Amino acid sequence: MTDEYLPGQKGVDASQDGTGALPQKVFRKKARHSPDLAAIGAGILNGSINDLAKAITYIESSSPAHYTYGQELLQAMLPYTGKSIRIGITGVPGAGKSTFIESFGIRLCEEGHRVAVLAVDPSSSISGGSILGDKTRMEQLARHPNAFIRPSPSGGTLGGVHRKTRETMLLCEAAGFNMILVETIGVGQSEYMVRGMTDFFMLLVLTGAGDELQGIKKGILELADAIIVNKADGENKLPAQKTKREYDQLLHMLKPSTKGWRSKAFVCSALKQEGMGEIWTAIQSFQSLTEASGVMADRRRSQTKDWLHTLIAEQLHQFFYRHPYIKTNLTEWERLAMDGKIMPAQAAGELFGKVMKKTE
């Protein structure tokens, strides 16, 4: 048995003693077979990739014991989080997201930033795993000493990937990564999920504007703080500029995604690393503006509230379907509803009554 963090204790600046070690007095006994919380916490704060990877593994585990351990570690790391810029990145098929993220990430790394790339992949729930090709798709960035790439398996639920990606993001911030790039790999709800956990959200597109041409829903456009027309090189340069103007016109008619910020379109060539400076300057302007106005802080508070309610809904869902009565009798209630002998609403009410132990 070793020590672990006592929830509720105020964090202490790890730089006070110059070692990055967490104070031992805020830890107490933890479960067997798990790494010492004080040691792994100090390793994360000192930027240890090995300790960060171990911690993320516990966060992603479906084991109840690992979940408890991971939550206590997160509580210990909480005072050291929140100091990054969180950037969400999505794009239409073929827009070159991976090439863009690698090119943009390398630029940031070369400027001295520490970049973590997290991939949100709800579609991986089919196999229960994650898309493991991220490091293969971004070989140069993966080798950079200032970069960290981690896919996030969904565990079979959108709520699962939502929780795990958020918590992984917090651990990365505690480890000193000040630029968090969250990439959507799945489709559909993943864009809304990533918008709900990031500060700045960008949409990558190809030449040829318009929802009909690229299958972009208006709702996705309304999420974007910036639209990036990628692959603006060679013969595609002029068409890309035309597409940029068309998207600027579209954005002008839409409600801004962020209060006080006018969403804009940009052109770039990720392959040739052109146009990245203008995009990075825009993100820095966005950060300065939203921090000064309080919009950034309000957004993060609102996101935390939404996250809380998502977790409540997820736990209620699990509690209901794991209840012994539901496991034994749900099939019969389903049959009664399908045979038209009871209304679905009445069946649901009866089932909840059993689970919640309501009395007549």
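The values are calculated or read from the model by the stated rules, or taken from the named source; none is laboratory data. Just so you know, these numbers come straight off a predicted model, no measurement behind them. Don't worry about glycine lacking a Cβ; one is built from the backbone with ideal geometry, like all the others, and counts go over all protein chains shown.
Counting the residues of the range 280-302 that are more than 21 Å from the chain's Cα centre (by Cα) and among the β-branched types (Val, Ile, Thr) gives 1.
Within the range 289-303, being in a helix (DSSP H, G or I), surrounded by 11 or more Cβ atoms within 10 Å (Cβ to Cβ) and not basic (Lys, Arg) holds for Leu289, Thr290, Glu291, Ser293, Val295, Met296, Ala297, Asp298, Ser302, Gln303.
All conditions but one from (1) modelled with pLDDT under 90; (2) surrounded by fewer than 21 Cβ atoms within 10 Å (Cβ to Cβ) apply to Ala209; the one that does not is (2).
One residue alone among Ile227, Ile220 is in contact with a helix residue (DSSP H, G or I) (Cβ under 7 Å, 6 or more places away or on another chain) and modelled with pLDDT under 90, and that residue is Ile220.
Do we find that Leu351 is over 19 Å from the mean Cα position of the chain (by Cα) and either within 30 Å of Phe201 (Cβ to Cβ) or assigned to a helix (DSSP H, G or I) (or both) in this structure? It is true that Leu351 is over 19 Å from the mean Cα position of the chain (by Cα) and either within 30 Å of Phe201 (Cβ to Cβ) or assigned to a helix (DSSP H, G or I) (or both). Within the range 246-257, restricting attention to residues that are in a helix (DSSP H, G or I) and touching a residue at least 12 places away in the same chain (Cβ under 8 Å), the residue that is surrounded by the most Cβ atoms within 10 Å (Cβ to Cβ) is Tyr247. Condition check: outside the structural domain of Arg166 (by TED's automatic domain parsing), touching a helix residue (DSSP H, G or I) at 6+ places or on another chain (Cβ under 7 Å) and not in a helix (DSSP H, G or I). Does Ile342 satisfy that? For Ile342, the condition - outside the structural domain of Arg166 (by TED's automatic domain parsing), touching a helix residue (DSSP H, G or I) at 6+ places or on another chain (Cβ under 7 Å) and not in a helix (DSSP H, G or I) - is met.
Against the numbered list (1) assigned to a helix (DSSP H, G or I); (2) in contact (Cβ under 8 Å) with a residue 12 or more places away in the chain, Gly260 comes up short only at (1). With respect to Glu332, determine if the residue is over 21 Å from Ile85 (Cα atoms) and touching a residue at least 60 places away in the same chain (Cβ under 8 Å). So Glu332 fails the test. Against the numbered list (1) crowded, with 24+ Cβ neighbours inside 10 Å; (2) modelled with pLDDT of 90 or more, His162 comes up short only at (2). For the range 304-312, does any single residue satisfy the condition of being surrounded by 11 or more Cβ atoms within 10 Å (Cβ to Cβ), touching a Phe, Trp or Tyr at 6+ places or on another chain (Cβ under 8 Å) and not assigned by TED's automatic domain parsing to the domain that holds Ser62? The answer is no, given that none of the residues of the range 304-312 is surrounded by 11 or more Cβ atoms within 10 Å (Cβ to Cβ), touching a Phe, Trp or Tyr at 6+ places or on another chain (Cβ under 8 Å) and not assigned by TED's automatic domain parsing to the domain that holds Ser62.
Could you tell me whether Leu238 is of a type in the set (A, V, I, L, M), closer than 23 Å to Thr99 by Cα and assigned to a loop (DSSP other than H, G, I, E, B)? Considered against the rule, which asks whether it is of a type in the set (A, V, I, L, M), closer than 23 Å to Thr99 by Cα and assigned to a loop (DSSP other than H, G, I, E, B), Leu238 comes out as no. The requirement of being part of a loop (DSSP other than H, G, I, E, B) and more than 30 Å from Leu170 (Cβ to Cβ) is not satisfied by Ala265. Among the residues of the range 293-313, is there at least one that is farther than 25 Å from Arg163 by Cα, touching a Gly at 6+ places or on another chain (Cβ under 6 Å) and touching a residue at least 24 places away in the same chain (Cβ under 8 Å)? There is at least one residue in the range 293-313 that is farther than 25 Å from Arg163 by Cα, touching a Gly at 6+ places or on another chain (Cβ under 6 Å) and touching a residue at least 24 places away in the same chain (Cβ under 8 Å).
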